[in-house]
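A short write-up of the structure that comes next.
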Amino acid sequence: MRKILGRITPGGGKSTWPQLIARDLIPTRVDKIAWIVPRLTLAQQGAQNFVDPASRSLLGHQLEIRQSTNDLDPSRGLAGFVTTYQAVATDPKTVVDELKRFRYAVVLDEPHHVERGGIWHQKLQPIVDLAKVLVMMTGTLDRANLRPVAFLEYVARSADGLLIVDRAGGDWRVLEYGRSDAIREQAIIRLEFRFHDSKGVIQGLDGEGNRIESVLSEAGEDVRAVLGAALDTRYAKELLEYCVKDWRAYQGHHPWAKLLVVARSIEAAKKTRGWLRSMSVAADIATSDDSVEALANINRFKGSSDCLITVAMAYEGLDVKAITHIACLTHYRSTPWIEQMVARAVRVYDGPQAPPWEAQRAIIYAPDDRLMREIWALIKVDQEAGAREPGNGPGGGNGPAIAIGIDGSADTGRAETDDHSYDLGRTAVYNQVAGEFGLAGVDTVADIVRKATATIDLEELRVVAPTPAILTPNQREDSKKRWIENICRRLDGNGIRAGDLAGDGWGTHNRLLYARFHKSRENMRENELDAVIAW
């Protein structure tokens, strides 16, 4: 088995890796891919990315994968399937059986969710053992509890307690594409932080019931308690008001711009929605339970909705390029989590009326607490490392941190240049190992784009209304299943009314179909559903 570990900054093209792996390894090295992700939203997005016309044109493939939740025959004759860690932990046998039937490349997405020795590790181990190629790709290798990630080896701990991955040992090939790399190649946008301090002393209780009194920016060891107390006051609404005002001003010039609000709890999210309504902003809520409503609201946010309030969902799977502003109203201060959260705004918008890279913004409105300032300092180092050489890009290449005054004013000006070129090297990190893994004919991104756009009038495309998304295999299957079910019900009803079927004749035609095709519709491949419809 060959192993690849990819540490790729959010927005750096990680979601294209499964498509590249499938394109280049099927059928020579493997038969299919199994892509395992931490959330249903990512699973849906993964299946959609494979059929996205832009992705297919850019990467040069016509492959499809299914979204599966412990389905029998999960790939259904396609190039593979995408599922969640939760589904595998519930019933790993269906995936294990599938990997025994075919040669699989297994892709573990954001594997920091899998703790060494934990239940997910135990359930995944036989799947990893059966993989012909194992790929682990993530935006962070750190866990909030500082415990090791499954399947990785470590050499030591850093001064702040973080584990250091053994990049040289074992049979791993480690590839890194960091924030500085992505900024240098204009693959992501630089972040700008705008900090809002409390107007006066915040009063509250710490975790042990002791009284606290402090201005937010001056809080020391009790900063978490002060922050939590501040977010329970009018301070949170003031921060939101400053963010909405700035977003509305930006949206006046860029109507596509969207606002993401990150709340600390479901109760706080409902209160925040009321605040937004008072500002004439309509917003949906997506909570952390992966409910049907939450997924529907996220999908609406990817389309017609301009504002979304999230609770513990502002990270993997929430990829909306039009996000330009984030209001951070959460008390959570894990560095990996905050970095994932703010990265929701760094993707380069390439839709209709898209401005050049230099003019795009990723603006974070955040509490002015010591912990958030420390995280910004780490991000700032990366952004400075990715700055272009003097004269080749805007300013110093580093987004500013702005402290908002009591009146909410801030100097947001920045010089721009006429350099609108794009350095399309986002798959360079992938191509480093192309020869090593026997992947022939891999193009650079620039080559792919030139081929894909050689006969396309790009300016004309910018003003054409977007076409409906191409359906995924699951969506096509569901549509055909509903059609068959409706026909069966109609025929049963007609038969009962005509007296040809007894009063309890509901389900007669479903039974006839099963007798004819010897398989439940839930387990049918798409071509088998087509055969049922034709019959």
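The values are calculated or read from the model by the stated rules, or taken from the named source; none is laboratory data. This is a predicted model, so every value here is computed, not measured. Neighbour counts are summed over all protein chains in view; Cβ atoms, including those assigned to glycine, are modelled from backbone coordinates with ideal geometry.
Out of LEU146, LEU124, report the one residue that is in the same structural domain as ASP24 (by TED's automatic domain parsing), farther than 19 Å from TRP35 by Cβ and out of contact with any strand residue (DSSP E or B) (no Cβ under 6 Å at 6 or more places or on another chain).
LEU146
Would you please name the residue that is farthest from the chain's Cα centre (by Cα), looking only at residues in the range 175-204 that are part of a strand (DSSP E or B) and modelled with pLDDT of 90 or more?
Checked the range 175-204; the qualifying residue farthest from the chain's Cα centre (by Cα) is HIS196.
Restrict the check to the range 158-167 and report whether at least one residue is on the phi > 0 side of the Ramachandran plot and in contact (Cβ under 8 Å) with a residue 40 or more places away in the chain.
no
Based on what the data block shows, is GLY77 more than 15 Å from the chain's Cα centre (by Cα) and farther than 28 Å from PRO336 by Cβ?
Criteria met by GLY77.
Taking helices (runs of 4 or more DSSP H) that do not extend beyond the range 1-59, which have at least 1 residues that are surrounded by fewer than 21 Cβ atoms within 10 Å (Cβ to Cβ) and either more than 18 Å from the chain's Cα centre (by Cα) or not assigned by TED's automatic domain parsing to the domain that holds VAL96 (or both)?
Correct list: 17-25, 53-59.
Could you name every one of the strands (runs of 3 or more DSSP E) located completely within the range 61-165 that has at least 1 residues being of a type outside the set (A, V, I, L, M, F, W, C)?
80-84, 104-109, 133-138, 154-157
Every residue, every condition in (1) in contact with a helix residue (DSSP H, G or I) (Cβ under 6 Å, 6 or more places away or on another chain); (2) modelled with pLDDT of 95 or more; (3) surrounded by fewer than 17 Cβ atoms within 10 Å (Cβ to Cβ); (4) not assigned by TED's automatic domain parsing to the domain that holds LEU318, yes or no:
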{"position": "LEU227", "(1), (2), (3), (4)": "no, no, no, no"}
{"position": "ASP232", "(1), (2), (3), (4)": "no, no, yes, no"}
{"position": "LEU239", "(1), (2), (3), (4)": "no, yes, no, no"}
{"position": "VAL244", "(1), (2), (3), (4)": "no, yes, no, no"}
{"position": "ARG248", "(1), (2), (3), (4)": "no, yes, yes, no"}
{"position": "TRP256", "(1), (2), (3), (4)": "no, yes, yes, no"}
{"position": "LEU259", "(1), (2), (3), (4)": "yes, yes, no, no"}
{"position": "THR272", "(1), (2), (3), (4)": "no, yes, no, no"}
{"position": "ARG277", "(1), (2), (3), (4)": "no, yes, yes, no"}
